[in-house]
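Trainee: Before I ask anything, here is the structure I am working with.
The values are calculated or read from the model by the stated rules, or taken from the named source; none is laboratory data. Please read all numbers here as calculations on a predicted model, not as lab measurements. Positions of Cβ are generated from backbone atoms using ideal geometry, with glycine treated the same way; all protein chains shown enter the neighbour counts.
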Ligand code: APR
Ligand code: ZN
């Protein structure tokens, strides 16, 4: 089968023939239909997230189960599935307490590039290839653990639902689960890429009173308005915290979907006393925050979340229902699509800010 392989940071991905082992134990073989191109993959290409190379990236895949390993109990051939970015074991204390997005198994798999069952199933000649985020979905097929694959309804388009594996769940979940926004409350969202725009949609579904979106590109802000933002702020022309306070007196929640320490400070400064700031973006390694203790005396909270603190088996099918009902119009995020051979062009478009979300379609 064909896969896009990254051999070294800051080099183009190489689309080439690789081999994939049969699914073992609790693993399934998935024929991919489409995979989203996320900024986190770009962080690996740029060397900001160290993972063992060579690696097959891609962690927003969706497809159809072709084969199930001997110990699989939750899936069968023919099932339509969304693949998750964050693996959870289902057994550790965080999983047992309903917080699977904080399962440490995710970090182990990321650092080792292996599948949760141990080892790698991808090879190029005699060399083993890492599975990024337990998925490796920039390939025609993927072997994944059954807990990485969430069964969804058959009528949802597999060309787009891969976005529920990362960007959309992260943004929607950041607003609804991690911030915990309730009807009538005020939220400001910094960064209007796939993640931030999903937070805008999540806040809208939750019945936010005012949604304010911040970015530096007008076309991203236009999209934010289309998806439900009541006000937009272009950070290259205005001072975002000052404008948020003028508009609202201070937001109840701020979500940072960029990973920039200066923007995190702006997000905290946008809050009313007692407001909550949620960090979602991945900051460059070694980043440090410089904070004023007074903000915390004034009751502000600073927290963060991975994959929107979702419970995948409950939230992913629910979000897919909202999509099918028109409440989460994620099709609007998909502004481009490429074949696997065009994957380097897709990353170039992401880096230049030309695309909101691109899909690789197989
Ligand atoms: N102020 C306002 N907006 C900014 C700024 C800034 N200083 N810097 C960048 N932006 C905007 C960009 O214009 C872009 O629209 O932030 C947005 C980031 O979007 P994407 O690059 O598409 O990233 P996305 O895939 O949405 O991921 C966001 O979350 O999961 C993490 O690793 C991911 O760090 C990344 C973040
Ligand atoms: Zn992602």
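Trainee: Would you be able to tell me the number of residues in the range 57-82 that are in contact with a helix residue (DSSP H, G or I) (Cβ under 6 Å, 6 or more places away or on another chain), under 11 Å from residue 142 (Cα atoms) and away from ligand 1 (no atom under 16 Å from the Cβ)?
Mentor: 1
Trainee: Could you check the range 274-292 and list, in sequence order, the residues that are out of contact with any strand residue (DSSP E or B) (no Cβ under 9 Å at 6 or more places or on another chain) and away from ligand 1 (no atom under 12 Å from the Cβ)?
Mentor: Of everything in the range 274-292, those that are out of contact with any strand residue (DSSP E or B) (no Cβ under 9 Å at 6 or more places or on another chain) and away from ligand 1 (no atom under 12 Å from the Cβ) turn out to be 285, 286, 288, 290, 292.
Trainee: Filtering the range 269-302 down to residues that are part of a helix (DSSP H, G or I) and over 26 Å from the mean Cα position of the chain (by Cα), which residue is surrounded by the most Cβ atoms within 10 Å (Cβ to Cβ)?
Mentor: Once the filter is applied, the top-ranked residue is 295.
Trainee: Among what's in the range 98-121 and is without any contact (Cβ under 8 Å) to a residue 12 or more places away in the chain and away from ligand 1 (no atom under 16 Å from the Cβ), pick the residue that is farthest from residue 3 (Cα to Cα).
Mentor: 108
Trainee: Would you confirm whether or not the range 33-48 contains a residue that is more than 16 Å from ligand 2 (Cβ to nearest atom), modelled with pLDDT under 95 and within 21 Å of the chain's Cα centre (by Cα)?
Mentor: Within the range 33-48 (the criterion being more than 16 Å from ligand 2 (Cβ to nearest atom), modelled with pLDDT under 95 and within 21 Å of the chain's Cα centre (by Cα)), the answer is yes, since at least one residue qualifies.
Trainee: Are there any strands (runs of 3 or more DSSP E) wholly within the range 148-221 with 3 or more residues that are touching a helix residue (DSSP H, G or I) at 6+ places or on another chain (Cβ under 7 Å), and if so which?
Mentor: Answer list for the range 148-221: 186-190, 210-215.
Trainee: Being without any contact (Cβ under 8 Å) to a residue 24 or more places away in the chain and surrounded by fewer than 20 Cβ atoms within 10 Å (Cβ to Cβ) narrows it down to one residue among 95, 71; which is it?
Mentor: Just a single option satisfies the conditions, and that option is 95.
Trainee: So, one more: In the range 303-330, which residues are closer than 12 Å to residue 165 by Cβ, outside any helix (DSSP H, G or I) and out of contact with any helix residue (DSSP H, G or I) (no Cβ under 6 Å at 6 or more places or on another chain)?
Mentor: Residues satisfying the conditions do not exist here.
Trainee: A further question follows. For the list (1) more than 30 Å from residue 50 (Cβ to Cβ); (2) buried (at least 21 other Cβ atoms within 10 Å of the Cβ); (3) without any contact (Cβ under 8 Å) to a residue 40 or more places away in the chain, I need the number of the one condition that residue 252 fails.
Mentor: Checking residue 252 against (1) more than 30 Å from residue 50 (Cβ to Cβ); (2) buried (at least 21 other Cβ atoms within 10 Å of the Cβ); (3) without any contact (Cβ under 8 Å) to a residue 40 or more places away in the chain, the one that fails is (3).
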